[in-house]
Amino acid sequence: SQEYLYQSRQSFKKAEEIAPTDPKNYLSHALVLSEDKPEDAKRLLLHALKLKPNYPEALEYLQLIEKSVE
């Protein structure tokens, strides 16, 4: 439901404030956003990769999002 998505997004934003250098938070947030906000998800994945350039899950998911946006 939309309420669940809203609550999870708020939780991820809070986690990003608490631990801004943890790339897992950005990956998880991107997974939640990918369905209805792929550009926002892409931005979060790029940020995760900026923090950890060798993050295979983020790289893989970024490629999936880029293919779906084409």
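Taken together, the values in this text are just the output of simple stated rules run on the coordinates, not laboratory data. Everything numeric here is computed off the predicted structure, so don't read it as measured data. Every residue, glycine as well, gets a Cβ built from its backbone with ideal geometry; the counts of neighbours run over all protein chains shown.
For the chain, calculate the relative contact order in percent as a whole number, restricting contacts to Cα pairs under 8 Å that are 6 or more residues apart.
Working: 61 pairs, mean separation 17.3, N = 70.
Relative contact order, the chain: 25 percent.
When ranked by the protection proxy of mean other Cβ atoms within 10 Å per residue, highest first, what sequence do the peptides 55-63, 14-22, 41-49 form?
Numbers: 55-63: 15.8, 14-22: 11.9, 41-49: 20.8.
In descending order of packing, they fall as 41-49, 55-63, 14-22.
Got a sec? Charge dipole of the chain, +1 on Cβ for Lys and Arg, -1 for Asp and Glu; which of LEU33, GLN2, LEU59 is way out at the positive end?
LEU59
Show that you can apply the helix-only estimate: for the chain, add -39,500 (n - 2.57) for every DSSP H stretch of four or more residues, divide by all residues, and state [θ] at 222 nm to the nearest 500. Don't skip to the answer; put the middle values down first.
Numbers: 4 runs with 56 residues, N = 70.
Calculated mean residue ellipticity at 222 nm is -26000 deg cm²/dmol.
Could you give log10 I(q)/I(0) at q = 0.16, 0.18, 0.23 Å⁻¹ for the chain, computed by the Debye formula over C-alpha point scatterers of equal weight, without solvent?
Ignoring solvent entirely, the Cα scatterers give -0.50, -0.62, -0.96.
Suppose the chain between GLU57 and GLU17 were pulled fully straight at 0.36 nm per residue; how much longer would it get relative to their current alpha carbon spacing? Mind showing how you got there, number by number?
Working: separation 40, 0.36 × 40 = 14.40 nm, distance 2.17 nm.
Here the segment from GLU57 to GLU17 would lengthen by 12.2 nm.
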